[in-house]
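The values are calculated or read from the model by the stated rules, or taken from the named source; none is laboratory data. Please read these numbers as outputs of a predicted model, since none were measured by experiment. Glycine gets a Cβ as well: all are built from the backbone with ideal geometry, and neighbour counts include every protein chain shown.
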Amino acid sequence: MSYLVTGATGFIGRHLVERLLADPVTDTDGTIFVIVRKGSLRRFEQLTRRWGSPSRVVPVVGDLTADLMGIDPDWVDAQAGKIDHLVHLAALYDMTASDERNELLNVGGTRAAISLAERLQVGCFHQVSSIAVAGDYAGDFDETMFDVGQGLPSPYHRTKYESERIVREDCAVPWRVYRPAIVVGHSETGEMDKIDGPYYFFPTLKLLRDTLPQWAPLVGVDLGHTNIVPVDYVAAAIAHLVHVDGRDGETFQLVNPDPQPTVEVLNTLAGAAGAPRIALPLDRRLTGPLTGLLPTGWVSTDLVRRAGSALIGSAPVQLVWKQTVGRLGVPYEILGHVSLPTTFASRTTTKALAGSGLSCPPLDTYAATLWNYWEQHLDTTTARDSRTRRVLQDARVVITGGSSGIGKATALKVAQAGGVPILVARGKDKLEETRAQIEAGGGTAYVYPCDLSDLEAIDALAQQITAEHERVDFVINNAGRSIRRSLKLSTDRFHDFERTMQLNYFGAIRLVMGLLPAMTEGGHVVNISSIGVQTHPPRFSAYVASKAALDAWSRVVSSELIGDGVTFTTIRMPLVRTPMIAPTKIYDAFPTITPAQAADLVIAALKNKPHEVNTRLGTLGEVTHALMPRTTFRILHLAYQVFPDSAAARGDDTAEEASKEQVLLAKVLKGVHW
């Protein structure tokens, strides 16, 4: 069985090819031809490494805008009658694009794909359409419906409708149509390739998270319904439906079958982000463009909708939008599409997928995954900050622990602002992965594998960096080792104290001392310390002592080196969800900040160069220790009893689950390492 896929290097396309390669229904010897623009061949080569079956995936150079998709006619004649399925995914998925571009790529591309399918005499032509064909239809829209007099409010809606019409009326070979809903990232990895749909509102959620407490209730507008599906479900469903017998001439809606109120979706994403939620959604009848002025029933729903669209398209509304929400990256073109007037039925699809085990997962099961991927890979807040760009442009930034967690997140943000990360960690492979991500985004990075607990290796590292770079502007001491173990369990483990001190203290100061010759006149050191230095949580004596030593060293040498232009910032970081805390399973239920949030603190320290960055809770801990030491130690002893040693510290495999008391105390004292 052989396939020809257009748009295979695109977001849905690459997941579909991956699924076809893994699907047991697919002939394991069958060839998957993919049409690739000449300029995308390098991207195709990268994807073949990801797919792992380069011999089965064969590129065919073509062009969506040309006749027969720009493919060599000799190749077409040679393959005639040999292609079982042509899956047409190549299209423009952009609500903000012009009418001309939508027409060229969506309508023109579909015509070319159909001509190619007919010339190849394919077994079936599979058109990946969109729920956009429903336009502004109000009510239930099932898979048997197409032309029901709906309005098409944008070039995107119109051209998706026209493309599907061409398939239905003009395609001379058997065909099937697939209508995905609003496609978001992978439900297991969060992977997404661009900002679209609900992602436009992620910067707003981030701003709310960073400025308001999570418990703050918000008043919002009832925005109606939407429909969101993860890309892996869409790809898996298409891969299965392609092979179901006897379904030619049918349409399949790849949607979430359960109603998804837009406010509920936003609240689910806000919960994943740690942002406050909309607690009081106002009824749309009180807040619509006209219904706020006229009593319900005075005008028709259609008139209100058309008047509302006109108001949204007016110059004053556009100006206000651009100067407010637009500054956060939300284009005004999507204002009229925040909610859908249509609800989508998928009975045909559900029956066709029966027995496959495929169904659309609920958003709340993967919302955190989407958010975490966006925050680390797609958030452009750092790039949009002009002052950060001025400080970091072309700056050489040494980042230890740059292969994961806080270090990796910081490296991506430094590169986003025009800086040059110099990545240091023990494992070269993961460092290379970080560098590849930076280079894929147009940045530059350097990789230096080094065991930072080996002082001689650090000396060699410092000499190499100094020799290969004319200067070092910033050093971020992020690499560290954390050990959570009570003193009672440490009596025969003195090496725990030696190991933490070796990496967290000796390794950090040895690196700074080695790089000082390249740092004079403006060099800045950022030490990632811990809130534990201020709050003294039990069971962290080895870890906190090593961080406290680095803090003390930095305070002393700051007064010595300030005359040479070298300054220091100590960030007393709260609990961060990184691989370092993974062995303590009860932390899975505790409130933490993400590596990207921690990286934002580091970027602010690079930009502003404060002496210290503390949390309010950390400062309160210091004050409490100073004013009421006995009371504080009694409270900490209570925590010592509430939070026992972990299974990893005890050396057993006992399952760990956080108790209600532990979770409550962790939420009250958010960010403290317990």
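General observations
- Considered as a group, the residues in the range 401-420 that are within 20 Å of residue 471 (Cα to Cα) and touching a Leu at 6+ places or on another chain (Cβ under 8 Å) include one that is surrounded by the fewest Cβ atoms within 10 Å (Cβ to Cβ), and that residue is 418.
- Each residue in the range 432-461 was checked for being β-branched (Val, Ile, Thr), under 18 Å from residue 517 (Cβ atoms) and surrounded by fewer than 17 Cβ atoms within 10 Å (Cβ to Cβ), and 0 of them qualify.
- Residue list for the range 196-218, restricted to those being of a type in the set (A, V, I, L, M) and surrounded by fewer than 18 Cβ atoms within 10 Å (Cβ to Cβ): 207, 212, 216, 218
- Taken over the range 539-566, residues that are over 35 Å from the mean Cα position of the chain (by Cα) and not in a helix (DSSP H, G or I) amount to 2.
- Which listed residue, of 471, 510, 484, is part of a helix (DSSP H, G or I) and either in contact (Cβ under 8 Å) with a residue 12 or more places away in the chain or closer than 16 Å to residue 410 by Cβ (or both): 510
- When the helices (runs of 4 or more DSSP H) confined to the range 595-674 are screened for residues that are modelled with pLDDT under 75, those reaching at least 1 such residues are found at 647-650, 660-668.
- Selection status of residue 527, under 16 Å from residue 573 (Cα atoms) and in contact with a Gly (Cβ under 9 Å, 6 or more places away or on another chain): no
- Scope the range 165-179; condition in contact with a Phe, Trp or Tyr (Cβ under 8 Å, 6 or more places away or on another chain) and either in contact (Cβ under 8 Å) with a residue 40 or more places away in the chain or buried (at least 22 other Cβ atoms within 10 Å of the Cβ) (or both); matching residues: 167, 171, 173, 174, 175, 176, 177, 178, 179
- Filtered residues of the range 555-570 (kept if more than 17 Å from residue 522 (Cβ to Cβ) and either surrounded by fewer than 24 Cβ atoms within 10 Å (Cβ to Cβ) or out of contact with any strand residue (DSSP E or B) (no Cβ under 8 Å at 6 or more places or on another chain) (or both)): 555, 556, 559
- Here 500, 491 are screened, and the one residue that is touching a residue at least 24 places away in the same chain (Cβ under 8 Å) and either in a helix (DSSP H, G or I) or assigned by TED's automatic domain parsing to the domain that holds residue 561 (or both) is 500.
- Picking from residues in the range 177-207 that are among the charged types (D, E, K, R), part of a loop (DSSP other than H, G, I, E, B) and modelled with pLDDT of 90 or more, the one that is nearest to residue 237 (Cα to Cα) is 188.
- Pair list, Cβ < 6 Å and 6+ apart or interchain, from the range 131-158 residues that are outside any helix (DSSP H, G or I) and modelled with pLDDT under 95 to residues that are of a type in the set (Lys, Arg) and buried (at least 18 other Cβ atoms within 10 Å of the Cβ): 152/158
- In the range 62-78, of all residues being surrounded by fewer than 16 Cβ atoms within 10 Å (Cβ to Cβ) and of a type in the set (A, V, I, L, M, F, W, C), the one that is farthest from residue 105 (Cα to Cα) corresponds to 78.
- Tabulated pairs, the range 51-79, first under 18 Å from residue 112 (Cα atoms), second among the basic types (Lys, Arg), C-beta under 6 angstrom, 6+ apart or interchain: 61/38; 76/119
- A single member of 149, 135, 139, 109 is under 31 Å from the mean Cα position of the chain (by Cα), at positive phi and in the same structural domain as residue 256 (by TED's automatic domain parsing), and it is 135.
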